[in-house]
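Scroll down for the structure; my scribbles are underneath it.
Any read-out appearing in this document is the output of simple, stated calculations on the displayed coordinates, not a laboratory observation. Predicted, not measured: the structure shown is a model, and the values here were computed from it. FYI the Cβ positions are ideal-geometry reconstructions off the backbone, even for glycines, and counts take in every protein chain you see.
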Number of protein chains: 2
Amino acid sequence: MTERDVLKHAMQADDLVNAGSCMKGAPISLSWQVGFSDSADGRPKRWVPAEVPGAVQLDWARANNWPCFIVGENWREYRWMEDVFWIYRASAEFEKPGHDRRLVFSSRGIDYRFVIRAFGSALLEQEGMFTPVELDVTGKLEPGAPLEIVVFPAPKSAPSPEDRSQANRSCKPAVSYGWDFHPRLIPLGIWDETGLAVVPSFRFIRAETAYELSEGLDSAEVELRCDLSCRGRGRIKWEILGPDTKPVVSMSEAFDSQTAVLRCRLDRPLLWWPNGQGEPCLYTSRAELEGEDGGVLDRRVMRIGFRRVRLAMYPGAWEYPAPNRFPKSRTPPPITLEINGRRIFAKGSNWVNPDVFPGRVRAQTHYRPLLDLAMRANMNLIRCWGGAPVQKDSFFDLCDEMGLMVWQEFPLACNRYEGTPSYLKVLDQESRSILIRLRHRACLVMWCGGNELFNAWSGMTEQDAALRLLARNCYDLDPGRPFIMTSPLEGMGHGPYVFRNAEGREVFRCFAESACTAYTEFGCGGPASVATLRRIIPPDQIFPPRRGTSWESHHAIGAWAPNSHLLLDVIEDYFGPCRTLEELVARGQLLQAEGLKCLFEEARRQKPRASMALNWCFNEPWPAAANLSIVGWPAEPKPAYAAVAGSLRPVMASARIARFAWKEGDVFSPELWLLNDSPDPVPAGRIEATVRFGSEEIFLLAWDHPAVQPDTNLMGPVARAVLPGRDADVFHLQLRCPGHPERDSEYVLKYSREKRGKESGQRPLNM
Amino acid sequence: MTERDVLKHAMQADDLVNAGSCMKGAPISLSWQVGFSDSADGRPKRWVPAEVPGAVQLDWARANNWPCFIVGENWREYRWMEDVFWIYRASAEFEKPGHDRRLVFSSRGIDYRFVIRAFGSALLEQEGMFTPVELDVTGKLEPGAPLEIVVFPAPKSAPSPEDRSQANRSCKPAVSYGWDFHPRLIPLGIWDETGLAVVPSFRFIRAETAYELSEGLDSAEVELRCDLSCRGRGRIKWEILGPDTKPVVSMSEAFDSQTAVLRCRLDRPLLWWPNGQGEPCLYTSRAELEGEDGGVLDRRVMRIGFRRVRLAMYPGAWEYPAPNRFPKSRTPPPITLEINGRRIFAKGSNWVNPDVFPGRVRAQTHYRPLLDLAMRANMNLIRCWGGAPVQKDSFFDLCDEMGLMVWQEFPLACNRYEGTPSYLKVLDQESRSILIRLRHRACLVMWCGGNELFNAWSGMTEQDAALRLLARNCYDLDPGRPFIMTSPLEGMGHGPYVFRNAEGREVFRCFAESACTAYTEFGCGGPASVATLRRIIPPDQIFPPRRGTSWESHHAIGAWAPNSHLLLDVIEDYFGPCRTLEELVARGQLLQAEGLKCLFEEARRQKPRASMALNWCFNEPWPAAANLSIVGWPAEPKPAYAAVAGSLRPVMASARIARFAWKEGDVFSPELWLLNDSPDPVPAGRIEATVRFGSEEIFLLAWDHPAVQPDTNLMGPVARAVLPGRDADVFHLQLRCPGHPERDSEYVLKYSREKRGKESGQRPLNM
């Protein structure tokens, strides 16, 4: 273990310390139970053991030995749970705190509306799962007497329709009201770290490290901003450790007030860089509070990554609209991420909740495997979609470490969130909590109001109070970080979502005929693995997939378009009837993989006008039978994952191909490209293109390309060949880079011998 | 005089009272002098009498008997004045205020950076002309001893280039640094009401009336929010008078604090409607502060117009982008004004400063004649352009009364305003002052960050700190009023600005080939009247117009395009060489008038997608030799004014005409329309179209149109005729509405006998 690993490890163990809002102290063991009632004041008929953090649904199912909700239609059994009151209770044995100590109950998140009670009286009422609780219960809680948390039914703006629109007056993530990849299943309960502890009376409420980089990025003015639990006299010791864990700043200041600000200047800080652009260097800022006697009362640790982030215009953007054309509109808004003065092509994916129940998501079992996959797929940006809950702190810890930039949305998606006073109040509170919790994160590069709010199905605009409020809060609390109201904005694009649409338009054409500044959602469906399908779909329904079966409730049929996300008709139109489940899965996964290759690589070819390519979506909250995700639940890569990883290599050979299905006699004319989005130049080299039928290779073209500048693509020649007659269902286009096999690329294309009329008289070239 | 007129008159006399920020009391006469120096602490060599409010330049010119700056190149003599320090001084005789009185110096605006001093010590330093001053000088100023105001040189972010870019780090309106209709002449000095007064110690600091209308507009919750100069015990009497001056609310509340809020509910308030849509009903809210002895200490009066304003989507807007097209971008932002639940087609103009020197602008001499013209031209919206200063209170008084809606911009225009800390600080202060001053105005329907900021020549985006700050302040201080960051936004259009561009494209095509949601700037140049030209251009330069003469410095040549704003080449290309000044002026003014007719009427025909038509520009700050203004300085309508007034009639016959210049044998095919943007239906009727050559009328078509719904246009038939051979330079298209001459329209078009090749064989129809 290196020193850095030790430190990382320490940080994870000391997780509570790293959160802005939770305190350190001597934890008191709590044993939780939960039950339900039909009112806030009712008593449960039965108490069952509760896991905290977790979800009331999981507790109840566990106590009753229910089968797993991911199988078949079991999820439907949970429906009633969203409409009752859930009551948690816990009692603890502890010694009453001394005169300089306090008993504090704290929670990072309780989902969604709740009351905390002791001895029958309410200590706190709150709506909102993202605002942490820190409650001084000294004298209000006695040893052995229960603390109670009443969780209200899931918020609904109307009793029907039973869909996401019910979430349009709350900050409850809309996804769990039912989505095209999520069952109707609305988690409730204590979902993040929660506990009781004895802490010093005089302690940190906040110890936040912030910095401002000089324009030249060669120095940083760093501030430690401390709020204390009460006015007092003491001393704050402040230490900053470099990425090598060696101290670079060490200072100490006496104070006599309720706030303290310490300042220092750091010369030539090592910068935090996104994955593929450099090291994601992290410093550690440690603050210790010493009382008048010199004893350490409290400590806070926070990691800092020094980087500057801006949303920049792409080169040439201002040339649009054309100078001499009137009436003239505006130039589209900036969406190119500029990190440390360098424009970066953002490659990545859309992140959804990695489980139906955020309460059981853990760093080691969920975040780490998924984010490891993202990092190893050469991704550098994760869009945390507004339909899902904002992730836990450990998610951001890992993104900080891995150099994964995060685009974070507030919990608004595909709804018209009207500006009622009660909604604006909870949105104000929740957005402030999210901002304060996350604004110190190096990985966090932009805020976004929510998903697709400026489209017909949401019907919101810049004039909506909710979005004006979010803009205000972002500017007030985090003015240095970009904020956009929604995605897509003008110039940006969402979709396509199917390999081939009802009019027969393949994904191969969609981007080639577009000129977006950012492709922030796109993808095509692919089935889960055979093993997963056999696990979630009852044996009598497993093949062929049919409407009205668990294929449908698991999103393979009618989830979005009538044939999505499985696209069975498209698969069979290309390949003929599927004879087995295995064949269906292989073909569906092939289409997803090849579709995503062409989409990602076309987006890259359009750099610098295009500056982002984020497929929909990376992961999924439960095992869908078919989905646009490239990693199945919980962290099972589909073949599309490897395809995407390949298409996101920093330096690679690439081809623009007109379509997927080809016939004997067609003129096959791939356009060759060398893609480079790395910060390094690429020396001159060679790319050889061949067509392969089985083991037979047919040479197409060799391209001796010149050297390429950093972050620059090179457009190459168009190879041309008439496709020969062969007995094959597919053929491969292979691009080989002699001496650089890591840049080789391969595309699988559909082939048939049925000749095309026009070209059938031509002789194949090059053979 | 009606009661309403009496009240209006009273309000104007009591003008200071109506401003949110200035106080009432016993005024003390001040006699002002001004001089200049090369430093803030230097002493002027010479003092001259100063007019307050006014401008130092005007004072100096008056004292030295300079000829008027509007004539010839006289304006160049003022150049040095922007770079020196100007020192005002005034002394007053007064009795020292008693124990319950204070001596207060107040000013609604000092331009731009200044220090107020007494006895050599600074009482206040301020940057910003829009933040009022209220300074308690009790004990700091003695009878007979001078109060001094040192006005610093005009702010410049860089010594060169000497243009508007020098204003990009200040809130000084950019127009005076030189514009295509404004000489380089930067006003400085005390520009708004300013004085010394003895006032009660216990008085209003603020007494603001605010309301919230019910969703159904049938009741209003009204609040009087008072801040007092100190904590005290007293009583506030509150009275609301209806538009008929009869009291509708009368109440009184005791208080014992530094703030007080009184609330009432008004049922079925008479609503404020824009010009042409109903009455602009205004209520009067009077607040009186009574001391413990029952004596009236202070009084504030404020007018309220009850109306709800929203920016709405046009009907059908959400159908764009098309549902099945991917990748999909956003729907363009809303720009249709909805007043009291009714979508309103906004007709109007862009307002610039009505004088180079805002300090000499007065309600009776400037605002009233100009706004009377706007109202009588059927306008309902005035865009107060961000390049100019925010107008004085009396401007908004008149707009409130006349039903002229105001789109108010902050002082940013055509520059990249970078987010330096010092700039953001002054922008924050100035924007808050503007917001607090104007937010109670019924006429004010939207805020806008500034002019053309999202275009190449400005280079700003949504991510700029200045615009994020303005969005924040508008939401914080005035959340109920729409805010847009700039104009144009997506879907909106600026331009055209010439009758015919270098490629020969006439204004007749520009809009017909566009699909904007709002046309917020457009126009074409026209010369000033012959009398004005003879006044401002030296006799030896008067004809023909040439480069390097006062024609050029007065914007007729090279102001924007090389040939604008006079367009001499275009005029002569249509009509041949101009032989006299009179002929040139008549032809140029004809082009402007006919160009604006087609632009305004085409924008109206595109309703409801298009919802605004605002020509550039209404007025001008000095007499330009040629300009896009339709009213010359100070308030002299050009022929284009009458044309625009005609094209903005609520109900009118209109024709879409393909081009301006026609020849014998051309197929002339005007498309007939009935335009109606009134809230009333139009019964069935008839429109007769004729072509007129001199006194000869040739009948084209009679259209018996059906009844038309309120605010609805009717597309009619296309008349078709081959133009006959006549000896004429022009012909007229006449549309007559029998029984409704107020709807008749007439268009003047260019004609020549030179036959077109293709059509020359055809016989004229209809004759």
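Given contacts defined as C-alpha pairs under 8 Å and at least six residues apart, what's the relative contact order of chain B, whole-number percent? Don't skip to the end; give the middle numbers.
On the way: 1864 pairs, mean separation 76.1, N = 767.
Relative contact order here is 10 percent.
Which whole-number percent is the relative contact order of the stretch A:544-681 (Cα, under 8 Å, 6+ apart)? Present the calculation step by step, with values, prior to reporting the outcome.
Details: 170 pairs, mean separation 27.2, N = 138.
Here the relative contact order equals 20 percent.
Taking only the Cα atoms of the stretch B:302-368, how large is their convex hull per residue, in Å³? Mind dumping the intermediate values first?
Details: hull volume 11.4 nm³, N = 67.
Cα-based convex hull of the stretch B:302-368, divided per residue, equals 171 Å³.
So how long is each side of the stretch B:651-761 along the principal axes, counting just the alpha-carbon atoms, biggest first, in Å?
Over the stretch B:651-761, Cα extents along the principal axes are 47, 26, 19 Å.
Projected area of the stretch B:311-647, taken from the Cα convex hull and averaged over every viewing direction, in nm²?
Numbers: hull surface 72.7 nm².
With the hull built on Cα positions only, its mean projection is 18.2 nm².
Sort largest first and round to whole Å: the equivalent ellipsoid semi-axes of the stretch B:379-466, each the square root of five times a Cα gyration tensor eigenvalue. Mind showing how you got there, number by number?
Details: eigenvalues 128, 45, 16 Å².
Result for the stretch B:379-466: semi-axes of 25, 15, 9 Å.
If r is the Cβ-Cβ distance from residue A:134 to residue A:712 and R0 is 60 Å, what FRET efficiency results, to the nearest 0.05? Provide the component values of the computation, followed by the final result.
Details: r = 51 Å, r/R0 = 0.85.
The pair residue A:134/residue A:712 has a calculated efficiency of 0.75.
Give me A:507, B:261 ranked fewest to most by other Cβ atoms within 10 Å of their Cβ, as a rough exposure proxy. Could you put the intermediate results ahead of the total?
Numbers: A:507 28, B:261 12.
Fewest to most other Cβ atoms nearby, the residues stand as B:261, A:507.
Between residue B:38 and residue A:206, with labels modelled 7 Å along Cα→Cβ, what's the label distance in nm to one decimal, could you check?
5.1 nm
Applying 1/(1 + (r/R0)^6) with R0 = 56 Å to the Cβ-Cβ distance of residue B:376 and residue B:121, what FRET efficiency is obtained, to the nearest 0.05? Show your work: numbers first, answer last.
Numbers: r = 53 Å, r/R0 = 0.94.
Taking R0 as 56 Å, the efficiency between residue B:376 and residue B:121 is 0.60.
Projected onto the charge dipole of the stretch A:653-761 (+1 at Lys/Arg Cβ, -1 at Asp/Glu Cβ, origin at the Cα centre), which of A:721, A:752, A:735 gives the Cα projection farthest towards the positive end?
Toward the positive end, the furthest listed residue is A:752.
In whole Hz, with x marking every Gly and Pro, tabulate ³J(HN,Hα) for the stretch A:325-332 from phi via Karplus 6.51 cos²θ - 1.76 cosθ + 1.60, θ = phi - 60°.
9, 10, x, 10, 9, 8, 7, x
Relative contact order, percent, of the stretch A:239-340 when contacts are C-alpha pairs under 8 Å separated by at least 6 residues? Write out the running numbers ahead of the final one.
Working: 135 pairs, mean separation 22.2, N = 102.
Result for the stretch A:239-340 is 22 percent.
Using a 7 Å offset from Cα along the direction of the beta-carbon, what are the separations from residue B:741 to the same position in each other copy, nm, ascending?
9.5
Spin-label point model (7 Å from Cα, Cβ direction): what's the residue A:279 to residue A:80 distance in nm?
A separation of 5.9 nm, rounded to one decimal place.
Treating only the Cβ of Lys, Arg, Asp and Glu as charged (+1, +1, -1, -1), what charge dipole size does the stretch A:355-448 show about its Cα centre? Round to the nearest 20 debye. Present the calculation step by step, with values, prior to reporting the outcome.
Details: 12 positive and 10 negative charges, 12 e Å.
So the magnitude is around 60 debye.
Bin width 20 Å, alpha-carbon pairs only: give the P(r) of chain B as whole percents, running from 0 to the bin holding the largest distance.
Going out from 0 Å in 20 Å bins, chain B shows 16, 46, 31, 7, 1 percent.
Can you list the distances in nanometres, one decimal and ascending, from the residue A:530 label point to the identical position in each other copy, with the point 7 Å along Cα to Cβ?
Listed shortest first, these distances are 9.7 nm.
Obtain the radius of gyration and the Kirkwood radius of the stretch B:230-305 from its C-alpha atoms and give Rg over Rh.
On the way: Rg = 14.8 Å, Rh = 13.8 Å.
Expressed as Rg/Rh, it is 1.08.
For the stretch A:491-635, what ratio Rg/Rh do Cα atoms give with a Kirkwood hydrodynamic radius? Could the numbers behind the result be given before it?
Numbers: Rg = 15.3 Å, Rh = 15.4 Å.
Value, to two decimals: 0.99.
Please turn the phi angles of the stretch B:274-289 into ³J(HN,Hα) values with the Karplus equation 6.51 cos²θ - 1.76 cosθ + 1.60 (θ = phi - 60°), one per residue in order, whole Hz, x for glycine and proline.
Rounded to whole hertz, the list is x, 3, x, 10, x, 7, x, 4, 10, 9, 10, 10, 10, 10, 10, 9.
Full-extension gain between residue B:416 and residue B:582, please, as 0.36 nm times their residue separation minus the C-alpha to C-alpha distance. The partial results should precede the final answer.
Working: separation 166, 0.36 × 166 = 59.76 nm, distance 4.22 nm.
Stretched out fully, the residue B:416 to residue B:582 stretch lengthens by 55.5 nm.
Can you give me the C-alpha center-to-center distance between the stretch A:633-707 and the stretch B:463-505, rounded to a whole angstrom?
Comparing the Cα centres of the stretch A:633-707 and the stretch B:463-505, I get a distance of 44 Å.
Check residue A:700: other-chain or 5+ apart residues with amide H under 5 Å from its amide H, H built from backbone geometry?
Under 5 Å from the amide H of residue A:700: A:689, A:690, A:691.
On alpha-carbon atoms, Rg over Rh for the stretch B:18-199 using Kirkwood Rh? Each step should come with its number before you reach the end.
Details: Rg = 17.0 Å, Rh = 17.2 Å.
My calculation puts Rg/Rh at 0.99.
Along the principal axes of its C-alpha atoms, what lengths does the stretch A:270-413 span, in descending order and rounded to whole Å?
Cα spread of the stretch A:270-413 along its principal axes, largest to smallest: 73, 41, 29 Å.
Given label points at 7 Å from Cα along Cα→Cβ, what nm distances, shortest first, separate residue B:73 from the same residue in every other copy?
Output for residue B:73: 9.2 nm, nearest copy listed first.
Hey, what number do you get for chain B at 222 nm if only DSSP H runs of n ≥ 4 count, each worth -39500 (n - 2.57), divided across all residues, to the nearest 500?
Helix-only estimate at 222 nm: -5000 deg cm²/dmol.
Which translational diffusion coefficient, to the nearest whole µm²/s, is obtained for the protein assembly as shown from the Stokes-Einstein equation, given a Kirkwood hydrodynamic radius over C-alpha pairs, 4 °C and 1.567 mPa s? Don't jump to the answer; show the numbers that get you there.
Details: Rh = 36.8 Å.
Using the Kirkwood radius from Cα pairs, D works out to 35 µm²/s.
Any chance you could list P(r) for the stretch A:425-547, counting all Cα-Cα pairs in 10 angstrom bins from zero, rounded to whole %?
Distribution as computed: 10, 27, 25, 22, 15, 2 percent.
In whole angstrom, how far apart do the alpha carbon centroids of the stretch B:275-289 and the stretch A:177-216 sit?
50 Å
Given a Förster radius of 35 Å and the C-beta distance between residue A:233 and residue A:29 as r, what FRET efficiency does 1/(1 + (r/R0)^6) yield to the nearest 0.05?
Calculated value: 0.55.
Using alpha-carbon positions, what is the distance between the centroids of the stretch B:245-270 and the stretch A:609-628, in Å?
Each part's Cα centre sits 57 Å from the other's.
Between residue B:696 and residue B:296, what is the label-point separation in nm under the 7 Å Cα-to-beta-carbon projection?
Label-label distance for residue B:296 and residue B:696, simple model: 7.4 nm.
P(r) tail for the stretch B:110-235, what percent of Cα pairs lie past 26 Å?
Values: 3830 of 7875 pairs.
Cα-Cα pairs of the stretch B:110-235 separated by over 26 Å account for 49 percent.
Give the residues of the stretch B:512-550 whose amide nitrogen is closer than 19 Å to a point set 7 Å from the Cα of residue B:671 in the direction of its Cβ.
B:512-519
What is the sum of charges, Lys and Arg at +1 and Asp and Glu at -1, for the other residues whose Cβ falls under 15 Å from the Cβ of residue A:425?
On the way: positive: A:113, A:169, A:172, A:432, A:468, A:472; negative: A:125, A:127, A:418, A:428, A:430.
Result for the neighbourhood of residue A:425: +1.
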